[in-house]
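To start, the structure itself, in structure tokens.
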Amino acid sequence: MKSRKTLNEAPTAETDQPEALNAMERVTAPRRAEVRLGREVQHRIGQQLRAMYDDFVRQGVPTHIEELVHRLTEHDGEEPADPVKTQDDGAA
Amino acid sequence: MKLDPVIRDQVLATVPSLRAFAISLCGNVDRADDLVQETLLRALAHIDSFEPGTNMPAWLFTILRNLFRSEYRKRRREVEDVDGRYADTLKSHPEQTGRVEFEEFRTALSRLPSDQREALILVGASGFSYEDAAAICGCAVGTIKSRVNRARTRLADLLSIDSVDDFGPDRATRAVLAGGGRN
């Protein structure tokens, strides 16, 4: 597997072991590689995720939402028309 | 009600990230804007339950996340192919090669189970600590960690990332070929 040498494995881990253990190591290695993603892969996924997210963040506050917040917060004694009965839905 | 402008500004300052979270969760800008609007209506109606000085983003994200969850459950009963529709909304402009990789990533993200998707976004993109993310999702910190790990592994799998070499110059080309073959 291409990522193998990039994982932080001790260089002597395999060469010091007897043949039988080496065979076991070969059997379990692919699964371990799956479970423990390489740092580069994790880093790259993180980068893509943030790039996507930041793209959305940069769009800022849509005008109609900004107006809504101002409307809701600047009127005295007015509750929003929308009832809030189901607020705890899914919280428990 | 008349709201402390400081609190109002905290709410407004959170909206861009809250909205990014909503879009990332549901994959549809219009639906996301509805979710944000509904979240703000509820939050402002219950602003008394927010303790000044505590984490405003976490509070708003919690409300939005719970709204999304209850809406998702409802929609699931109405429309079986929620994920398919999600994916369709993401296939909009695949003309440029950089765009293809971007779309491919969003489609892969949409294929994650929603509990893994929300955990990954909260920790990996919104910048919440594992503890805050756990509070937002109403679960244990260990659960969030495991969901984030599974999400990363699944994404790597969906995107066929075996090593950093896969992100070389050929990456975009292969994405085009893969996309053309599948669709």
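Extension gain for B:Asp4-B:Cys139 works out to 45.4 nm (0.36 nm per residue, less the C-alpha to C-alpha distance).
Stokes-Einstein, applied to the Kirkwood radius of the range B:1-80 over Cα pairs at a viscosity of 0.692 mPa s and 37 °C, places its translational diffusion at 250 µm² s⁻¹.
Ranked for footprinting exposure by Cβ neighbours inside 10 Å, fewest first, B:Phe128, B:Phe21, A:Phe56 give A:Phe56, B:Phe128, B:Phe21. Cβ-to-Cβ counts within 10 Å put A:Tyr53, B:Tyr72, B:Tyr130 in ascending order as B:Tyr72, B:Tyr130, A:Tyr53, the fewest first.
Counting, for every residue in A:57-67, the Cβ atoms of other protein chains within 10 Å of its Cβ and taking the mean gives 4.
Karplus-derived 3J(HN,Hα) values for the range A:57-68, using 6.51 cos²θ - 1.76 cosθ + 1.60 with θ = phi - 60°, are 4, 4, 5, x, 9, x, 3, 5, 6, 4, 5, 4 Hz; glycine and proline are entered as x.
Annotation: the residues B:Arg42, B:Arg31, B:Arg99, sorted from fewest to most other C-beta atoms within 10 Å of their own C-beta, follow the order B:Arg99, B:Arg31, B:Arg42.
Read-outs throughout are calculated quantities, based only on the coordinates presented, and are distinct from any laboratory measurement. The structure presented is a predicted model; accordingly, all values stated were derived computationally and were not measured. Note that each Cβ is placed from the backbone with ideal geometry, even for glycine, and that neighbours are counted across all protein chains shown.
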